[in-house]
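Enquirer: Handing you a structure now.
The values are calculated or read from the model by the stated rules, or taken from the named source; none is laboratory data. Not measured: the values here are computed from a predicted model. With ideal geometry, Cβ positions are generated from the backbone for all residues, glycine too; neighbour counts draw on all protein chains shown. Surface accessibility is based on the protein's heavy atoms, side chains included, excluding ligands, DNA and RNA. Shrake-Rupley method; radii C 1.70, N 1.55, O 1.52, S 1.80 Å.
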Amino acid sequence: MEEVRRLVDTIIEGIQEKKGSDIVVADLDGIDGTICRYFVICQGNSPMQVEAIAESVGDYAREKEGEKPVHVVGLENAQWVALDYVDVMVHIFIPELRSYYDLETLWQDAKMEIIPNLD
């Protein structure tokens, strides 16, 4: 458990490094039918920023935790990028798509942790 939470915290650092905003961590532990233990959801203001955040998350996870995603999708247009770390799924959106898919409501049974934006 500690190892997975440490990965979540490292992912948050990677997001904040590129000024990703509105970070939410959904703890899915104990919810039936989930594909992982945590969702980390955030946004960037443009496809370029979404791509930079995804790259930063990958670098931080690899360098600090020795973890690589088993699958990455969405880099082609960088409007919604998902990085799969098995126990942790990272979703990086542009604001319009985040609002449209509204993952926070979809997983409303999860315990949500809101990470304050850095100034």
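Table: residues versus (1) surrounded by fewer than 18 Cβ atoms within 10 Å (Cβ to Cβ); (2) in a helix (DSSP H, G or I).
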residue	(1), (2)
Val25	no, no
Gly30	yes, no
Ala54	no, yes
Glu76	yes, no
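Enquirer: What is the residue count in region 78-119 for residues that are assigned to a loop (DSSP other than H, G, I, E, B) and either more than 15 Å from the chain's Cα centre (by Cα) or surrounded by 14 or more Cβ atoms within 10 Å (Cβ to Cβ) (or both)? Lay out the reasoning, then the answer.
Expert: Residues of region 78-119 that are assigned to a loop (DSSP other than H, G, I, E, B), as a first pass: 78-79, 85-87, 94, 102, 107-110, 116-119.
Cutting the leftovers down to either more than 15 Å from the chain's Cα centre (by Cα) or surrounded by 14 or more Cβ atoms within 10 Å (Cβ to Cβ) (or both) gives us 78-79, 85-87, 94, 107-110, 118-119.
Matching residues across region 78-119 total 12.
Enquirer: Still on this structure, please answer the following. Run Tyr38 past the list (1) over 16 Å from Phe93 (Cβ atoms); (2) surrounded by 21 or more Cβ atoms within 10 Å (Cβ to Cβ); (3) touching a Phe, Trp or Tyr at 6+ places or on another chain (Cβ under 6 Å) and report the number of the one that doesn't hold.
Expert: It fails just one condition, (3).
Enquirer: Now for a different question. Of the residues that sit in region 1-23 and are in contact with a strand residue (DSSP E or B) (Cβ under 9 Å, 6 or more places away or on another chain) and over 17 Å from Asn117 (Cα atoms), which one is most open to solvent (accessible area, probe 1.4 Å)?
Expert: The residue in question is Arg5.
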